[in-house]
Each structure stands twice: as structure tokens, then as C-alpha cells.
Amino acid sequence: MVLKVVKYGNPVLRKKGARIETITPAIRQLIEDMFETMYASRGVGLAAQQVGEALQLTVLDVAQVEDRPSTLKLNGKEVDPKTAMPLVLLNPQISMNGEKALGIEGCLSFPEITAEIERSISVTARAESLDGAPIEIEATGLLARALQHEVDHLNGILFIDRMSSATKAALTSRLKRLQKENKPG
Ligand code: ZN
């Protein structure tokens with residue numbers, strides 16, 4: 001089922017996700033719905049907060065993006081990122097490696113807004129997969145950027161928090177409008 005994507009202004013986007021200790025049927029259904037929602041919205045990643053659930057859960061799929069390549073080491077082994085997609089990550093922890101670079105980002109919770117965001121070009125993420133097994137991901141390129149964006153969501157951090165003050169200032173009125181439209185009650 002395609003779920004409604006929560007937009008900026010809804011307080012759930014600022015909530016830190018709770019750890020997932022048990023993969024219940026409800027969690028499996030949520031993951032399935034998150035994939036359907038992400039693909040329907042043509043996104044490369046979706047965090048549980050974006051469908052109204054403050055949980056440490058994100059789904060990603062960068063396989064369709066041809067012009068922004070990624071590299072991936074899965075549990076220490078170099079793999080073609082396309083064959084490893086899609087990814088489900090539970091309780092991810094991320095560490096940033098190496099230099100930072102600017103790149104264009106959008107967010108399904110901020111319709112029609114894109115901005116240059118500085119992110120590390122390489123990351124290591126440790127998480128649990130859907131079968132409960134530990135998974136280690138070393139990524140560069142778009143996947144590294146998407147992982148940083150999604151893990152931020154799981155901690156209540158949004159890409160506007162990572163924008164330069166000039167970029168954010170230029171978006172002030174659009175952000176205020178969005179926030180007003182999506183405030184509950
Ligand atoms: Zn986002």
C-alpha cells in the first residue's frame with residue numbers, strides 16, 4: 001500500500017526513531033509499504049519518520065539512477081551496487097570517512113525543494129538486515145549521500161539543517177509556507 005508521505009511541519013519528522021528489537025509482521029508490512037511509497041514517489045530513500053513512524057528503519061534503492069554512480073562494499077566485499085539494491089536497514093549507525101563534497105539533494109518531505117548539501121563522500125554504516133543479521137556497508141557516491149540523508153531522518157535531522165545559511169535563507173518563505181500547511185490541528 002502506498003502511504004502518505006509526511007511533509008515538513010509535521011512534528012514526527014523531528015522525532016528520534018526508537019530501536020527495533022523484534023521484526024514483527026507489522027514491521028514487515030511497514031517495510032513493504034515503505035518500498036511501494038518510495039517507488040511511487042520516485043525517491044531513492046525513505047525513512048520511517050516520513051510515513052509517520054518514529055523508528056530506526058530506512059529503505060533505499062539507488063539502482064535506477066544512472067548519472068550519479070555509487071560504489072558499495074557489503075560486509076567487506078566489493079559488490080555492484082545495483083545487484084545489492086534494494087536495501088532495508090534497521091537500527092543503522094553511520095560514520096563519515098574522508099572528505100566532504102557538495103551535491104544536489106531533494107527530500108520527499110519537502111516537495112519541489114532541492115539544494116546543494118555538503119556531505120562526506122564516503123561512509124561506513126552498520127545496521128541489521130530484515131533477517132536480523134548484522135550488515136556492514138561501505139559506500140561512496142550517491143549511496144553514501146543517501147545513507148547520510150536517511151540516517152539523519154532517523155535521528156530527527158532534516159536536510160535543511162545541513163544547508164548553508166545562505167541557501168536556507170533563500171528558501172525561508174517556502175519553508176514557512178510548507179510548515180504552516182503541514183502543522184497538525
Ligand atoms: Zn528526506
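A few comments on the model shown:
- Accessible surface of the range 105-170 [probe 1.4 Å, protein heavy atoms]: carbon and sulfur percent: 50 percent
- Distance from the C-alpha centroid of the range 75-94 to that of the range 136-162: 13 Å, rounded to the whole angstrom.
- The value of relative contact order for the range 102-146, using C-alpha pairs under 8 Å at least six residues apart, is 30 percent.
- Taking one quarter of the surface of the convex hull spanned by the alpha-carbon atoms of the chain gives a direction-averaged projected area of 10.5 nm².
- On the range 1-91, 53 percent of the accessible area sits on carbon and sulfur atoms, based on a 1.4 Å probe.
- Under the Karplus curve 6.51 cos²θ - 1.76 cosθ + 1.60, θ = phi - 60°, whole-Hz ³J(HN,Hα) for the range 141-155, x wherever Gly or Pro sits: x, 4, 5, 4, 5, 5, 4, 5, 4, 6, 5, 4, 3, 5, 10
- Here the Karplus relation 6.51 cos²θ - 1.76 cosθ + 1.60, evaluated at θ = phi - 60°, turns the backbone of the range 158-174 into coupling constants of 10, 5, 5, 6, 9, 6, 5, 5, 5, 4, 5, 4, 5, 9, 3, 5, 5 Hz, with x for every Gly and Pro.
- Neighbours of GLY156 by Cβ distance under 10 Å: Lys/Arg scored +1, Asp/Glu scored -1, total +1.
- In order through the range 82-87: 3J(HN,Hα) via Karplus (6.51 cos²θ - 1.76 cosθ + 1.60), integer Hz, x for Gly, Pro: 4, 6, 8, 7, x, 10
- Built amide H within the under 5 Å cut-off of SER70, gap 5+: LEU142
- Accessible area expressed per residue, the chain, with surrounding protein chains retained (probe 1.4 Å, Å²): 51 Å²
- Sites THR167 and MET1 - FRET efficiency at Förster radius 41 Å, r taken between beta-carbons, to 0.05: 0.70
- Residue-averaged [θ]222 nm for the chain, counting only DSSP H segments that reach four residues, each worth -39500 (n - 2.57): -8000 deg cm²/dmol
- Between amide H atoms placed 1.01 Å from N, distances below 5 Å from ASN97 occur with SER122, VAL123, THR124, all of them 5 or more places distant or on a separate chain.
The values are calculated or read from the model by the stated rules, or taken from the named source; none is laboratory data. Since this is a predicted model, take the numbers as computed values, not measurements. Here the Cβ is made from the backbone with ideal geometry for all residues, glycine too, and neighbour counts use every protein chain on show. The accessibility values were calculated without ligands, DNA or RNA, using every heavy atom of the protein model including side chains. Shrake-Rupley method; radii C 1.70, N 1.55, O 1.52, S 1.80 Å.
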